[in-house]
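Data block below; observations after.
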Amino acid sequence: METPVFEEFDPASDCECSGCAVRRRAEAAAVSSPGPARPAARALALAAAAGTVLGAGHSVPAVAVAHAPARPGLPVGDEPPDTPQGEKAPLHGPAGKPERPGAPAVVAVPATTRAEIINRANKWVAAEVPYNMTKYWSDGYRQDCSGFVSMAWNLPRNEWTGSLPTFGVRTTKGALEPGDILLFHNPSNPENGSHVVVFGGWADSTHTYYLAYEQTRPYTRKLSTPYAYWSNSDRYLAYRYKGLAEGAAGEPGPAAPADPGGSDGKSSRFPGAGYFGPGANNAHVTRLGRLLVERGGARFYRTGPGPRWSDADRLATQAFQRAQGWSGAGADGLPGPTTWSYLVGKRGRDIPAGSPGSTTPDPSSHGVPGYPGRALFRPGADNVHVTRLGQQLVRKGFGAHYTKGPGPRWGEADRRNVEAFQRAQGWRGGAADGYPGPETWRRLFS
């Protein structure tokens with residue numbers, strides 16, 4: 001049976017942190033002077049001896065515990081200056097830019113479940129997210145061990161090994177369940193490193209090995225791991241997330257309110273300012289555009305909305321902000337948490353019909369209300385323009401297919417009434433598909 005190999009927290013030779021510099025000087029002195037065997041040699045001897053014991057049990061792959069590179073910049077708050085594991089920081093957008101300049105002093109504890117914690121951890125495992133102390137993954141979390149746990153616990157910012165305990169409560173080995181964490185934080189001696197892993201469940205009946213989800217070099221992994229860890233085992237502490245929506249035994253327990261979702265059935269949580277603005281290209285931009293179209297912003301889009309940020313997105317966002325009576329920085333055309341909450345929650349006033357950027361309605365060049373755009377008249381659409389269309393169809397004598405209403409949600413009755421009106425104009429085929437275009441709109445309201 002293959003004998004496992006253990007490695008110490010062995011810093012890279014070019015690491016510039018003060019702990020590594022001291023270690024290199026000590027090792028250089030040990031080489032140049034006679035004396036007892038170096039600690040590394042003793043560790044290898046212990047590892048070889050341990051291999052004969054473990055060989056009769058589980059076959060464990062070789063594991064190299066990550067030692068983080070030097071962190072650029074100054075520490076945050078009470079963070080020791082040489083800790084090798086991250087810092088408190090905001091989530092980052094897709095371009096690697098912070099969503100906001102600084103992290104809040106008080107951070108909320110969002111509700112989550114054990115299943116959601118493990119599912120999030122598995123996403124990084126499947127993606128093989130590379131370990132990096134200074135880079136951020138596409139979900140905004142830092143690619144080191146503390147960023148990984150911040151992601152798994154769905155925290156609103158990146159934490160570090162010194163602050164993660166504030167989001168948990170101490171628990172015991174016997175009470176560990178999937179989604180809890182095992183944390184080694186060593187502020188007094190950063191040379192020996194700090195580390196944190198997500199507990200994924202016991203791997204044997206003796207509770208000697210467990211499945212650890214962790215962010216380490218070269219990338220995220222899940223691995224059968226001896227309790228509590230390969231090194232510094234007696235210094236790891238177990239924590240359970242405070243916002244857990246399940247009790248210790250998995251039964252329902254008290255939790256923070258769940259995200260009620262937006263009007264489109266998706267999460268109402270603001271994804272972050274880093275996902276919007278010049279250069280952004282992601283699904284949140286598409287969703288923003290669709291929400292703006294539903295609120296009267298269709299005239300700003302010649303095509304789309306789509307995932308790539310454009311001036312149309314900025315103008316439509318600005319028009320919506322101005323419709324709420326906001327000005328200055330509050331109407332800069334870039335969505336913030338308040339703008340987002342108004343859009344997903346269908347709050348506030350719609351963008352009035354009119355010229356781009358205008359907040360007062362005006363007629364089109366044909367003397368009828370301005371055509372709001374095709375996107376407002378499609379399955380799933382729910383807006384005041386559908387109601388307005390239906391009411392005009394009834395006035396014109398084309399409301400036979402309504403059994404109730406008309407109302408704001410687009411339905412088959414709306415489509416069939418529009419089709420009847422279009423056929424009455426002598427149109428056929430695609431010109432009479434039941435979806436109003438600019439000419440249908442002009443004739444209907446003229």
| task | Give the distance, in whole Å, between the Cα centre of segment 266-292 and the Cα centre of segment 106-175. | result | 23 Å
| query | Around Gly333, what is the net charge, scoring Lys/Arg as +1 and Asp/Glu as -1 over all other residues with Cβ under 10 Å from its Cβ? | reply | -1
| request: Kindly state, to the nearest 0.05, the FRET efficiency for Trp427 paired with Tyr219, given R0 = 56 Å and r defined as their beta-carbon distance. | output: 0.45
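Quick one: length gained pulling Asp332 to Asp234 fully straight, 0.36 nm per residue minus the C-alpha distance?
Extra length from Asp332 to Asp234 when fully extended: 29.9 nm.
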| request: Return the FRET efficiency for the residue pair Thr303, Thr166: r is the Cβ-Cβ distance, R0 is 35 Å, and the value is rounded to the nearest 0.05. | output: 0.15
| query | Between Lys123 and Glu439, what FRET efficiency comes out of the Förster formula 1/(1 + (r/R0)^6) with R0 = 56 Å and r the beta carbon distance, rounded to 0.05? | reply | 0.70
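Cross-link list Lys123/Lys346; Lys135/Lys242; Lys346/Lys396; Lys88/Lys346; Lys135/Lys346; Lys173/Lys222: which exceed 25 angstrom alpha carbon to alpha carbon?
With Cα atoms farther than 25 Å apart: Lys123/Lys346; Lys135/Lys242; Lys346/Lys396; Lys88/Lys346; Lys135/Lys346.
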| request: Considering only protein heavy atoms, with the full assembly of protein chains and a 1.4 angstrom probe, order Val125, Val169, Val293 by accessible area, largest first. | output: Val169, Val125, Val293
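Which sequence of Arg374, Arg388, Arg221 reflects their accessible areas, 1.4 Å probe, from the largest down?
Accessible-area ranking of Arg374, Arg388, Arg221, largest first: Arg374, Arg388, Arg221.
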| task | Give, in nm to one decimal, the length gained when the segment between Arg349 and Lys242 is fully stretched (0.36 nm per residue of separation minus the Cα-Cα distance). | result | 34.7 nm
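The values are calculated or read from the model by the stated rules, or taken from the named source; none is laboratory data. Quick caveat, the model's predicted, so the values are computed rather than measured. Methodologically, a virtual Cβ is constructed for each residue, glycine included, from the backbone with ideal geometry; neighbour enumeration extends over all protein chains shown. Note: areas computed on protein heavy atoms with side chains; ligands, DNA, RNA excluded. Shrake-Rupley method; radii C 1.70, N 1.55, O 1.52, S 1.80 Å.
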